[in-house]
Each structure stands twice: as structure tokens, then as C-alpha cells.
Amino acid sequence: MTNSKLLEQFRSFYFRNYPNDMETQISYFSVFGGLGWDIDTSKPIKELIQELIIENFDILNAKIEELIDTEPTHKRLLQALATGDRRIFSAFRRAGLNNGNGGGALNYLQEVGLIQMEYSRERHPREINPSAKLKRRDARHRISHKVLFSHPFVRFWFYFITPQIANIKKKNYEVLHSNIEQHLNSYTSLIFEELSEVLLNYNLRDAQIISSGSYWDANLEIDILTLTNDENIYVSECKWTNHFINKKELHKLNEKCVKLNIEPTQIILFAKRGFSKELEQLKSSALVLYSSEDFKALLKSGSKDELIENFI
């Protein structure tokens, strides 16, 4: 169940650029992953965005236009998926698309390898209780799958660059740099969540995983819910923030498990910087804590000889 493509890109980025630590690796990978260029990770990330992306805008924009077949519908959908909650129906609405032209754009973007589906594991209320008289809201509820970008750089482009193309062409970068300053941590959170699932499943590689990924329904979301054939349940939350994670996050995750009516075999918390002393003292076989440096485990079986081809 490990996302092998993301893992390959993560390893390739590391062995191409050798960042000093895993926090840097994850931060820079979330922006430049899949680009396939050498990245000087000793430079500030915002300086590299200007140097490698903004100053090469025409080259990169031409490549992106080629990938999306210069189709405005494809561009609008990718921007909606990058900046929204990744749910297909809400992305269609944000992009001004219907199920027909939106579905066509979605299929094309899958076929060219820019996105991949993440299927919902929610059960519709009618499926749970076919004979029950449902509330109007429940009866009309539509289960929506989500989308993941196949390359971190493509998501970065449609998250930050596409909304500012008019200003970039005028060489007005003020709003772009302000957006990056305000939202880069939030943007990186999804890549961190995806990599956290890869690390969790890598550590469960001797088990038979039957289902894994984020979980969402009409009422709640859990970053990672992994089930194995021996009926073990692993639940995780991932926090890419600059402060230590405390017991509050553990309590919130436990409350979600109660609402979902599951008893986790193990709770795993992933954090950018680490955890409060109080939370560290609670570590056990039932509560596992990972910070950025633990992602070194994903590099163990990789090498510079395995650099992969990227989309640029």
C-alpha cells in the first residue's frame, strides 16, 4: 500500500541534493519534488523559488501548458484541486465545472499522470441502514473521492503560481511572495501527511495492509487510517507546525476514534519539530511519536544510482 511513486521521488530528491536534515528534505521536496533539477538546499527556500521558478517562468509555464494540453478547463480544475480540500465535487464547483466537463478533465489529468485518485471509505447512510427514513441532508449526501497530485512541484505551481500568472508576467511579485510567506507551512502539510503514510506503511511492511490513506466522511477527517488483515487499526495525525505537539492533539484524535466507533491498536503522531515533554512521557506500544528526523528510515534502501526521471 506504500505510495511507491512518492517514495521514489523522495529518495531521488535526497540523493540528488543531500540536504542537511530531514526537515529541510521535506520542506524543499514539497516545493521542488518531481522537478528533476539540482537544488542547493543550503539556500533559503524563498530565494530558490525566485531563482529557479520565477526566473524560469516562461520555460516552466510552457511545459505545464504542454502537459495540460493548453486546455483552460484542465488548468481551472488543477488550481481548484491544489487550493481546495481535494474533494472532486467541491473542486468542480470551485472551477465552475459540471460532472460532464469536470469528469472529462479529471480523466485526462489522470491519463497523463498529473493526478491520482484517493477513494473514500465512507459508507452512505442508506447503505448502513437501507430501510431507515433518512434526514433530507443525509439522503442528499454525496460521497466524494479526493485527488492527490503525482508530483509535489505540480501542486506547488497550481497552488501559488497559477493564481498569480498575470502579476508574474508584469514582474510584480509582491502578492506571490506574500502568499508564500503566509501559506507555505500550510501547503507543506499535505506532502508531510502523504510522506507520513509512506513511513507508517513502510514500518508495517511485514503486515498485510488491506486499506490505508486518509479517512473522511460528512462529519470528521482523520489524516491516516490504516487497517491490516489481522484486524489491527492504526490512526495518525500529522502536524507540520513550528511548535511542539501536545496532549491536545492526542485527545482530539481519541475523540474522532470514539465518533467513528473504532478502537485503535496504535496511535501514531507525526510532527515537524517534536512533542511536549508531557506527550513524550506517554509514549508506549500504543502511542508512537515521529518527528522529521525519523523519515531517514525511508532512505535506507535507496541510493544515488536510483535517480528517477522527472516530468521536466
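The values are calculated or read from the model by the stated rules, or taken from the named source; none is laboratory data. All values derive from a computational prediction rather than experimental measurement. Cβ atoms come from the backbone with ideal geometry, glycine included; neighbour counts cover every protein chain shown.
Name the helices (runs of 4 or more DSSP H) wholly within segment 148-253 that hold at least 2 residues that are of a type in the set (D, E, K, R) and farther than 24 Å from Ala80 by Cβ?
No helices (runs of 4 or more DSSP H) qualify here.
Could you look through segment 143-174, keep only residues that are within 25 Å of Phe92 (Cα to Cα) and β-branched (Val, Ile, Thr), and pick out the one that is surrounded by the fewest Cβ atoms within 10 Å (Cβ to Cβ)?
Ile165
Just a yes or no: is a residue in segment 109-120 among the aromatic types (Phe, Trp, Tyr), surrounded by fewer than 22 Cβ atoms within 10 Å (Cβ to Cβ) and not in a helix (DSSP H, G or I)?
Yes - at least one qualifying residue is present in segment 109-120.
In segment 242-272, how many are closer than 21 Å to Trp216 by Cβ, under 19 Å from the mean Cα position of the chain (by Cα) and among the polar types (S, T, N, Q)?
Residues meeting the conditions: 0.
Restricting to segment 175-184, name every residue that is under 13 Å from Lys46 (Cβ atoms) and exposed (fewer than 15 other Cβ atoms within 10 Å of the Cβ).
Once the filter is applied, which keeps residues that are under 13 Å from Lys46 (Cβ atoms) and exposed (fewer than 15 other Cβ atoms within 10 Å of the Cβ), segment 175-184 yields Ser178, Glu181, Gln182, His183.
With segment 1-84 as the region, which helices (runs of 4 or more DSSP H) entirely inside it contain at least 2 residues that are farther than 29 Å from Asn167 by Cα?
Hits in segment 1-84: 4-17, 22-32.
Scan segment 198-205 and tell me whether some residue there is free of Cβ contacts under 8 Å to residues at least 24 places away in the same chain and over 19 Å from Tyr28 (Cα atoms).
no
I'd like to check something: does segment 266-274 contain any residue that is exposed (fewer than 15 other Cβ atoms within 10 Å of the Cβ), in contact with a helix residue (DSSP H, G or I) (Cβ under 8 Å, 6 or more places away or on another chain) and at pLDDT below 95?
yes
Starting from segment 24-41, keep only residues that are in contact (Cβ under 8 Å) with a residue 60 or more places away in the chain and within 26 Å of Thr241 (Cβ to Cβ), then list their pairs with residues that are of a type in the set (Lys, Arg) and surrounded by 21 or more Cβ atoms within 10 Å (Cβ to Cβ) whose Cβ atoms are within a distance under 9 Å, requiring at least 6 positions of separation or different chains.
Ile26/Lys272; Ser27/Lys272; Ser30/Arg155
More than 12 Å from the chain's Cα centre (by Cα), assigned by TED's automatic domain parsing to the domain that holds Met117 and hydroxyl-bearing (Ser, Thr, Tyr), is that true of Ser178?
Spelling it out, Ser178 is indeed more than 12 Å from the chain's Cα centre (by Cα), assigned by TED's automatic domain parsing to the domain that holds Met117 and hydroxyl-bearing (Ser, Thr, Tyr).
Here is a list of conditions, (1) in a helix (DSSP H, G or I); (2) modelled with pLDDT of 95 or more, and Arg126 meets all of them except one; can you say which number that is?
Condition not satisfied by Arg126: (2).
From the list Leu190, Leu204, which one is at pLDDT below 95 and under 24 Å from Gly33 (Cβ atoms)?
Leu204 is the lone residue from the list that is at pLDDT below 95 and under 24 Å from Gly33 (Cβ atoms).
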